[in-house]
Amino acid sequence: MEVLVCIRKKGDVLQDVQKEINTAKKIKVRSRPLAASLILIGGVILLLFGMALAIAIGAKDIALPDVWNAVFHFDPNLTEHQIIRELRMPRVIGAAIVGAAFAVAGAIMQGMTRNPLADTGLLGLNAGAGFALAICFAFFPGMSFLGLMLYSFVGAGAGVGIVYGIGSRSKGGLTPIRLVLAGAAVSALFTALSEGVALYFKIGQDLAFWYAGGVAGTQWVQIQIVLPAVVIALLGAFALSRSITLLSLGDDIATGLGQRTGLIRLFGVLIVLVLAGTAVSIVGSVGFVGLIIPHLTRKLVGVDYRWIIPCSAVLGSLLIVFADLAARTINPPQETPIGALVALIGVPFFLYLAVKERRSL
């Protein structure tokens with residue numbers, strides 16, 4: 001009898017090993033390194049062109065040769081060079097940073113949770129960060145940008161912690177739709193609290209820019225603080241990319257291949273908080289970037305997160321840079337909120353995904 005049990009256990013182990021081998025083969029088949037390389041090369045070239053175009057176009061149009069001279073041969077005596085260096089360059093660089101941060105944060109969340117609806121805006125991170133900023137504006141009006149960014153991290157962490165806590169206690173487990181419903185409820189709560197604080201302390205004007213979403217007014221001091229944090233977080237995301245690929249296939253497979261799933265999720269959540277917190281502190285409440293870009297990237301490059309993460313960073317930067325350019329040119333001299341423009345794409349896309357996931361209810 002004991003011999004039969006041992007034989008059965010060995011057979012189960014062999015079956016598990018064979019499944020892992022088959023899974024690894026599927027990953028190789030469904031990964032498209034050539035397409036990913038083309039996206040990275042072409043995307044970076046298009047991003048540089050888009051950034052140059054965004055610097056050139058504005059209330060005062062500036063020729064591209066003048067943009068080149070302002071960047072590489074700066075003359076402080078020329079008004080155009082001053083406009084480019086002090087106003088438009090930090091704005092465009094900030095847009096690129098924000099797009100990469102939101103897109104990679106969304107890709108990590110979707111990979112770790114196996115939830116196609118995961119996004120920083122849908123899971124309470126943005127609203128939690130906004131509530132933290134409202135507290136700062138009300139009680140610490142003179143706080144530095146670094147302090148605001150740290151409070152954004154705390155608020156984002158509180159938001160996602162409450163959402164996952166509510167969703168995981170639901171009967172039937174943490175399904176994608178339940179997670180989004182919990183995120184919607186927590187986001188509504190934090191938004192209502194933020195508006196209440198704004199009305200009571202008369203800081204509505206300070207929060208108006210955050211609600212609208214935009215990179216206007218971004219300064220070099222903000223870029224100097226945010227850029228190192230985002231770069232370190234992106235490098236950390238790429239270092240975790242193989243483990244996230246395995247997690248996206250299921251905990252059993254990841255554990256069978258020697259992955260410490262709990263530790264990977266901890267580091268992943270920390271990276272997401274850094275990316276989301278820094279992005280929100282610059283651009284405000286902009287959702288759907290982390291929902292749209294990872295899905296598009298997976299369609300193009302496959303399921304290997306070693307390609308998904310860098311390609312998402314490039315495509316996310318492209319989306320926000322061109323969205324900011326459109327925000328300035330649709331109704332000049334007024335600016336259209338970036339959040340509204342991205343939502344025009346994001347809301348139909350979210351509804352499409354929600355319909356696909358209706359069986360999870």
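Structure notes:
- Measuring between their Cα centroids, the stretch 173-236 and the stretch 79-116 lie 14 Å from each other.
- When the chain is described by a simple charge dipole with +1 on each Lys and Arg Cβ and -1 on each Asp and Glu Cβ, the residue from LEU240, THR255, ILE292 located farthest towards its positive end is THR255.
- Residue with peak Gaussian network fluctuation, the chain [Cα springs, cutoff 10 Å], from ALA326, ALA63, ALA182: ALA63
- Highest-MSF residue in the chain out of ILE45, ILE135, ILE292 [GNM, Cα springs under 10 Å]: ILE45
- Computed magnitude of the charge dipole of the stretch 166-319 (debye, nearest 20; Cβ of K, R +1, Cβ of D, E -1): 320 debye
- For the stretch 100-251, size of Cβ-based charge dipole, Lys and Arg +1, Asp and Glu -1, in debye: 340 debye
- Calculated from backbone phi, Karplus (6.51, -1.76, 1.60) coupling profile of the stretch 329-343 in Hz, x at Gly/Pro: 10, 5, 9, x, x, 6, 10, 7, x, 4, x, 5, 5, 5, 5
- Carbon plus sulfur fraction of accessible area for the chain, probe 1.4 Å, in percent: 68 percent
- Positive-end ranking of CYS136, ILE308, THR79 along the dipole of the chain, with charges on Cβ about the Cα centre, is headed by ILE308.
- Calculated mean residue ellipticity at 222 nm for the chain: -26000 deg cm²/dmol, from DSSP H runs with n ≥ 4 weighted as -39500 (n - 2.57), summed, divided by the residue count and rounded to 500.
- Rounded to the nearest 20, the Cβ-based charge dipole of the chain about its Cα centre (Lys and Arg +1, Asp and Glu -1) stands at 1460 debye.
- Residue of TRP68, TRP307, TRP220 that the Gaussian network model of the chain assigns the largest fluctuation, springs spanning Cα pairs under 10 Å: TRP68
- Taking 7 Å steps out from each Cα toward its Cβ at ALA192 and GLN205 produces label points 2.9 nm apart.
- Residues of the stretch 291-305 with an amide N closer than 18 Å to a point placed 7 Å from the Cα of LEU34 along the Cα-to-Cβ direction: 299-304.
- 18 Å cut-off, amide nitrogen to a point 7 angstrom out along LEU266 Cα→Cβ, residues in the stretch 219-238: 236-237
- Distance in nm between pseudo-label sites at ALA185 and ALA326 (7 Å out along the Cβ direction from Cα): 3.4 nm
- Calculated from backbone phi, Karplus (6.51, -1.76, 1.60) coupling profile of the stretch 52-60 in Hz, x at Gly/Pro: 5, 5, 5, 6, 6, 9, x, 4, 10
- Two-decimal Rg/Rh across the stretch 127-270, once Rg and the Kirkwood Rh are taken from alpha-carbon atoms: 1.04
- In the chain, the ratio of gyration radius to Kirkwood radius, Rg to Rh, stands at 1.03 when only Cα atoms are counted.
- Amide H contacts under 5 Å for PHE288, placed H, 5+ residues apart: GLY121, LEU122
- Model label sites at GLN82 and ILE45, defined 7 Å from Cα along the beta-carbon direction, differ in position by 3.8 nm.
- A simple rule links phi to the HN-Hα coupling: the Karplus curve 6.51 cos²θ - 1.76 cosθ + 1.60 with θ = phi - 60°, which for the stretch 145-154 gives 5, 4, x, 4, 5, 5, 5, 4, 4, 4 Hz, with x for Gly and Pro.
- Debye intensity ratio I(q)/I(0), log10, the stretch 58-153, q values 0.17, 0.22, 0.23 Å⁻¹ (C-alpha model): -0.89, -1.03, -1.07
- Taking all protein chains into account, the per residue accessible area for the chain stands at 49 Å² (1.4 Å probe).
The values are calculated or read from the model by the stated rules, or taken from the named source; none is laboratory data. Given the structure is predicted, the values throughout are model-derived calculations rather than measurements. We place every Cβ from the backbone using ideal geometry, glycine too, and count neighbours over all the protein chains shown. SASA here: full protein model, heavy atoms, side chains in, ligands and nucleic acids out. Shrake-Rupley method; radii C 1.70, N 1.55, O 1.52, S 1.80 Å.
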